[in-house]
Amino acid sequence: MDVNGMTALLGEMADADTDEILIDDAPLPASEQYVYLMLNKPRGYVTTMSDEAGRPDVTSLVRDIPQRVYPVGRLDMHSEGLLIMTNDGDMAYRLMHPRHNVSKQYLVKMSKASPNAPDDPTEVLSQPLSIEGHLCRPAEVRVLHRTPDNGYVLTIAIKEGRNRQIRRMCVQCGYTVNALKRVAEGKLKLGDLKVGTYRHLTAEEIAYLKTL
């Protein structure tokens, strides 16, 4: 067995996630490897594995990956951005569970939906809000700029993932979300990854996930 181009010694340790492992000059079978992907989900795709309405799902964007990978968490059909996909169930659980305090940051474009909506919605958005009967933790909100229709472009960071949480938060302060993109999850950044494409996580990113 070779590890990273060198013959492995008896008792030597290797990590299939970060090391190149060859057995008789052939890669370790893919079925024995965990896969960690970052996908830039486009609008119009659902994050369920199948859809009764026949809408496209995110697995169709990673068909060339031999392993069966699953989305970690969800983004609603009308949202886009960073989505982790993996076959490592333990890591997925750690990334999703609120007790691990993984912050998810969204880029949000919103406009007034009610004449009674506050001119500055950040105070309401930064408060604990009730979603589905659950009092959510306060969000971190930062205004980037105003829009010509008296709306806002801002970032909202949350540490929970209630169904359509960001959209429901905005409704509670009298605003409608026109565009929603997840741009970061913990230390993982979407960066310039093109919409509809994916990349493998780096060794450093995988190591970070394993510390959660």
- Message: With the structure loaded, tell me whether L82 is closer than 30 Å to I206 by Cα and either of a type outside the set (D, E) or part of a strand (DSSP E or B) (or both) or whether it fails that test.
- Response: yes
- Task: Name every residue in the range 128-156 that is buried (at least 16 other Cβ atoms within 10 Å of the Cβ) and hydrophobic (A, V, I, L, M, F, W, C), in order of residue number.
- Result: L129, I131, C136, A139, V141, L154, I156
- Message: Quick check on S50: is it outside any loop (DSSP other than H, G, I, E, B), among the polar types (S, T, N, Q) and surrounded by fewer than 16 Cβ atoms within 10 Å (Cβ to Cβ)?
- Response: no
- Complete set of residues in the range 169-182 that are hydrophobic (A, V, I, L, M, F, W, C), closer than 19 Å to P42 by Cα and either without any contact (Cβ under 8 Å) to a residue 40 or more places away in the chain or surrounded by fewer than 19 Cβ atoms within 10 Å (Cβ to Cβ) (or both): A179
- Task: Among what's in the range 93-107 and is surrounded by fewer than 20 Cβ atoms within 10 Å (Cβ to Cβ) and among the hydrophobic types (A, V, I, L, M, F, W, C), pick the residue that is farthest from N178 (Cα to Cα).
- Result: M96
- Query: Out of curiosity, is G81 closer than 19 Å to Y198 by Cβ and modelled with pLDDT of 95 or more?
  - Reply: yes
- Message: Here are the criteria: (1) in contact with a strand residue (DSSP E or B) (Cβ under 8 Å, 6 or more places away or on another chain); (2) surrounded by fewer than 17 Cβ atoms within 10 Å (Cβ to Cβ); (3) within 16 Å of I166 (Cβ to Cβ). Tell me which single one M110 does not satisfy.
- Response: (2)
- Would you confirm whether any residue within the range 88-102 is without any contact (Cβ under 8 Å) to a residue 40 or more places away in the chain and not in a helix (DSSP H, G or I)? yes
- Query: Do you know which residues across the range 158-178 are of a type outside the set (D, E), assigned to a loop (DSSP other than H, G, I, E, B) and touching a helix residue (DSSP H, G or I) at 6+ places or on another chain (Cβ under 6 Å)?
  - Reply: C173
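Let's see how each residue does on (1) more than 24 Å from Y208 (Cα to Cα); (2) in contact with an Asp or Glu (Cβ under 6 Å, 6 or more places away or on another chain); (3) not assigned by TED's automatic domain parsing to the domain that holds P71:
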| position | (1), (2), (3) |
| --- | --- |
| P128 | yes, no, yes |
| C136 | yes, yes, yes |
| A157 | no, yes, yes |
| N178 | yes, no, yes |
- Message: Considering only the range 136-146, I want to know if a residue exists there that is assigned to a strand (DSSP E or B) and closer than 15 Å to Q172 by Cβ.
- Response: yes
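The values are calculated or read from the model by the stated rules, or taken from the named source; none is laboratory data. Predicted, not measured: the structure shown is a model, and the values here were computed from it. For neighbour counting, all protein chains shown are included, and Cβ atoms are generated from backbone atoms with ideal geometry for every residue, glycine included.
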